Amino acid sequence: MIAETVCSAVAAAGLGIAAVTAYRKRFLAATRIAAYSLVPLGLVMTGVVDWLADTAFSPTAWAGFGVLGVAWLLFASSRAVERRRGTRKERKEAKAGAQREAVAPAAPAAPSASAPSLGAGSRQSTRPATAPRAEGSEDFSDIEAILKKHGI
């Protein structure tokens, strides 16, 4: 009952401020103030305020929020553990691969196969080699073109 009275008083005060603002020729601000002041009245008329008041003072509702929180924590922790361990399918594949290796061990590699290759690389340079320029013979052709364009 008190919530409805307070919301109605806030709406009336807001509409009064909007009227004064509109009188001062600030119509856009007045429209915005009127919109904000009508929100509490609309909440009262739709019953949202009663629902919130009943929920805020209900121990059953708070217990329900607690149960929802515990459910969310359990779900989030199980997803985190699953992400860390991998899915069931990935674990089965890894187990099957380990059993195959245990049944038929791989042939030992040749000693020279594990030695790193230190030979010359066969990579070609991606940039073409340019001839070194003599000192002081820089290319000013683009600057000359700009100067000629402007008649200098």
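The values are calculated or read from the model by the stated rules, or taken from the named source; none is laboratory data. Predicted, not measured: the structure shown is a model, and the values here were computed from it. Heads up, the Cβs are rebuilt from the backbone with ideal geometry, glycines too, and the neighbour counts pull from every protein chain shown. In case anyone asks, the SASA skips ligands and DNA or RNA and just uses the protein heavy atoms, side chains included. Shrake-Rupley method; radii C 1.70, N 1.55, O 1.52, S 1.80 Å.
Listed values, structure above:
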read-out	value
Which numbered condition V81 misses (of (1) more than 30 Å from K95 (Cβ to Cβ); (2) exposed (fewer than 10 other Cβ atoms within 10 Å of the Cβ))	(1)
Condition check for A13: without any contact (Cβ under 8 Å) to a residue 40 or more places away in the chain and open to solvent by 50 Å² or more (accessible area, probe 1.4 Å)	yes
Counted residues, region 20-66 - those being more than 24 Å from A9 (Cβ to Cβ), open to solvent by 90 Å² or more (accessible area, probe 1.4 Å) and not in a helix (DSSP H, G or I)	1
Pairs with Cβ under 9 Å, 6+ apart, first in region 43-61 and within 15 Å of I2 (Cα to Cα), second acidic (D, E) and open to solvent by 50 Å² or more (accessible area, probe 1.4 Å)	V44/D50
So I143, is it β-branched (V, I, T), modelled with pLDDT of 80 or more, assigned to a loop (DSSP other than H, G, I, E, B) and out of contact with any Gly (no Cβ under 9 Å at 6 or more places or on another chain)	no
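Per-residue answers, yes or no, for (1) modelled with pLDDT under 85; (2) touching a Lys or Arg at 6+ places or on another chain (Cβ under 7 Å); (3) on the phi > 0 side of the Ramachandran plot; (4) of a type in the set (G, A, S):
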residue: A22; (1), (2), (3), (4): no, no, no, yes
residue: R26; (1), (2), (3), (4): no, no, no, no
residue: Y36; (1), (2), (3), (4): no, no, no, no
residue: P40; (1), (2), (3), (4): no, no, no, no
residue: W51; (1), (2), (3), (4): no, no, no, no
residue: T60; (1), (2), (3), (4): no, no, no, no
residue: S77; (1), (2), (3), (4): no, no, no, yes
residue: E82; (1), (2), (3), (4): yes, no, no, no
residue: T87; (1), (2), (3), (4): yes, no, no, no
